[in-house]
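S.K.: Input: one structure, supplied below.
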């Protein structure tokens, strides 16, 4: 007779908890659904449409076929992927020693100052930062003028609008996103492991290869994923530093949507970019033997 | 003669800016012995060990391993290996890879590596643990793997930096005995640093007591315990009752030490031939040197009231208060259980021989009170 009371109470409590959990999860669910899933479903549907005449659409794969048939799109796609991978590798190669220095060589105040120095450029918008590079590198820019003044160059030197400049801009823009995870993962490496490596006969190369890099792998993977995705989806830097000839895939998407007002084709390109980044990240995790949960967690 | 010593330090000094961490240390460690450096934290023992391993360079002085100087030799080229405080096993490798690491760095061929790794794992009592991951091991097993990882390289000297510190008490007691046995079997010279006197006393052939960057005394554990040369050693090694006093009248065999609280302690003249009247001294008496209601030597005799009975099996003791001076003392209870029914509030007669009293002259140097040796 008295037994049902606690049961009801228990049921009520868990009901309250469930409602609370739903409420807490709401922003995430809304965000995922409204800003990620819904647009992508729409993108997919639009990309599978073909415009027959004004206001008339039909299901078709023509937008995808067009991509594979037209070498310009195809080339831009591959070029963007290759350049992004190169930018990621370069950022890692430059960022790793920097992070190691900050995390392992510096102590106390010097450490925070160096870390802050990496952060400071990011207080300025990406647009302004990129214009900074343009001021330095353009034909009438600082470096060109200096070279002429020093007598090294006879006339103005144009250093903008080529692949190397795009690469410089991309690496510069991405550096912080590589350094932050690397510093935190290297910080967590016990100094005595490095010392033990030396004590047992290792040298700088073998200790780095066998102890530091395996320990830093989750940080390397997460840094690389972030940098790669940011680079692949970057629009501003390749466009400003590379000019008309930058041939970045996001520019193709922009052109389809805005210039040509061809939403169907633009959607297909957008979807292909998503497939590309997912595939490369998956492949990268496979060869570095990392899992996504390890990398994020 | 030189190759009789596996390790030798000559006037080694290490300064960090104005601070002298290691101050003119000289030591020689004979082949195959277990040498401990015992001292409180911050006494410079870790700095000394890191200099032996090569992670820090001495500011002056020389370090010789097997008779040749290793100054300027980096850690990876020194014939010494170190067991780190937190062991520093590589979590990214399994047990066998950890043990094989040093051999691989030497370019030993694969078959020999496998053979040696299995041999060494068997020697530390973990023959089948090769494929295990580090986090699958218990604390004691990790300990043994850390030692195996060094031993497989057959170092001239094995350095151990408080490796038992992280273990729980029971395991620590067990590992003490095990380490001692292991060292006996393999005959490698061990240099062991610790702040735990029981570890140092139980395991070592020789112990150096270190304080403020200097060696206070180097000797066999028995020596340190029964014949401390300085007040620091007397206070740091083992338990002691401690007073401060002034040297008073000389008697035929004994010296009277007057305590400021009004009491008097007798010390033997033959043990302290150098004491002079009027000197300020620290006085030490071991808790087990004092007899309760006993018949032995009765040079010193006081009446005291039991304040606390600290029962701890064979290591039981009582805290008592001197009825005359109000001084608190600790007295060990005999292991026979003769005073098992002693209770707080009981009054007991305490006696001990004058030869059990140790006095050290207090000296004042540069405004700092330090203890000079009188022996």
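S.K.: Does anything in the stretch B:94-134 have its amide N under 15 Å from the 7 Å Cα→Cβ label point of residue A:289, and if so which residues?
M.R.: So the set is B:94-98, B:131-134.
S.K.: Still on this structure: Ranked by Cβ crowding within 10 angstrom, fewest neighbours first, how are B:286, A:51 ordered?
M.R.: Taking fewest neighbouring Cβ atoms as first place, the list is A:51, B:286.
S.K.: With each label point set 7 Å from Cα along the Cα-Cβ vector, what nm distance links residue A:75 and residue B:4?
M.R.: 8.5
S.K.: Counting only the backbone N, which residues of the stretch A:256-297 are under 17 Å from the spot 7 Å out from the Cα of residue A:66 toward its beta-carbon?
M.R.: Residues passing the 17 Å test: A:256-273.
S.K.: Can I ask one more? For each of A:263, A:74, count neighbouring Cβ atoms within 10 Å of the residue's Cβ, then give the residues from fewest to most.
M.R.: A:74, A:263
S.K.: How many Cβ atoms of partner chains, on average, are near each residue of A:199-210 if near means within 10 Å of its Cβ?
M.R.: Numbers: counts 18, 19, 13, 6, 4, 1, 0, 4, 2, 0, 0, 7.
Average per residue, whole number: 6.
S.K.: If you wrap a convex hull around the alpha carbons of the stretch A:95-195, what volume per residue comes out, as a whole number of Å³?
M.R.: It comes to 140 Å³ per residue, whole-number rounded.
S.K.: Only Cα pairs under 8 Å and at least 6 apart count here; give the relative contact order of the stretch A:66-296 as a rounded whole percent.
M.R.: 26
S.K.: With angles folded into 0 to 90 degrees, how steeply does helix B:139-151 sit against the dominant principal axis of chain B? Use alpha carbons for both and round to 10.
M.R.: Compared with the principal axis, the helix lies near 60 degrees.
S.K.: Quick one: pull the percentage of alpha-carbon pairs in the stretch B:2-231 with a separation above 26 Å.
M.R.: More than 26 Å apart: 36 percent of the Cα pairs in the stretch B:2-231.
S.K.: Give the average, rounded to an integer, of partner chain Cβ atoms located within 10 angstrom of each Cβ in A:189-197.
M.R.: Counting Cβ atoms of other protein chains within 10 Å of each residue's Cβ and averaging gives 6.
S.K.: Return an integer: the convex hull volume of the alpha-carbon atoms of the stretch A:10-114, in Å³ per residue. Please list the in-between numbers first.
M.R.: Values: hull volume 28.3 nm³, N = 105.
Expressed per residue, the convex hull around the Cα atoms of the stretch A:10-114 is 270 Å³.
S.K.: Take the alpha-carbon positions of chain A, form their convex hull, and give its projected area averaged over all directions (one quarter of the hull surface) in nm².
M.R.: One quarter of the hull surface, i.e. the mean projection, equals 27.8 nm².
S.K.: Taking each residue in B:83-92, count the Cβ atoms of any other chain within 10 Å of its Cβ, then average. What number comes out?
M.R.: 5
S.K.: Using Cα atoms only, what is the angle between the long axis of helix B:95-105 and the major principal axis of chain B, expressed in degrees (0 to 90) to the nearest 10?
M.R.: 70
S.K.: Suppose R0 equals 35 Å; then what is the FRET efficiency for residue A:50 and residue A:163 from their Cβ-Cβ distance, rounded to the nearest 0.05?
M.R.: 0.50
S.K.: Need one number: nm distance between label points at residue A:126 and residue A:58, each 7 Å from Cα along Cα→Cβ, rounded to one decimal.
M.R.: 4.0
S.K.: Given a Förster distance of 56 Å, report the FRET efficiency between residue B:280 and residue B:77 from their Cβ-Cβ distance, rounded to the nearest 0.05.
M.R.: 0.65
S.K.: Provide the convex hull volume over Cα atoms per residue for the protein assembly as shown, in Å³.
M.R.: In the protein assembly as shown, the Cα convex hull volume per residue is 320 Å³.
S.K.: Can you work out the FRET efficiency for the pair residue B:311 and residue B:181, with r the C-beta to C-beta distance and R0 = 22 Å, to the nearest 0.05?
M.R.: Computed FRET efficiency for residue B:311 and residue B:181: 0.10.
S.K.: Subtract the Cα-Cα distance of residue B:338 and residue B:249 from 0.36 nm times their separation in residues, and report this length gain in nm to one decimal.
M.R.: 28.4 nm
S.K.: Sort A:53, A:192, A:222 so that the residue with the fewest other Cβ atoms within 10 Å of its own Cβ comes first and the one with the most comes last.
M.R.: Exposure proxy ranking, most exposed first: A:53, A:192, A:222.
S.K.: Just to be sure I understand the model, the point goes 7 Å from the Cα along the line to the Cβ. What's the resulting residue B:261 to residue B:169 distance in nm?
M.R.: 2.8
S.K.: Sticking with this one: Given the stretch B:241-371, what whole percent of its Cα pairs are spread farther than 25 Å?
M.R.: 29
S.K.: Kirkwood Rh, the stretch B:1-131, all Cα pairs: how many Å?
M.R.: Evaluated over the stretch B:1-131, this radius sits at 16.9 Å.
Quick note: the coordinates plus some simple rules give every number you see, no bench work behind them. As the structure is a prediction and not an experimental result, all values here were calculated from the model. Using ideal geometry, Cβ is built from the backbone for each residue, glycine included, and neighbour counts are taken over all protein chains shown.
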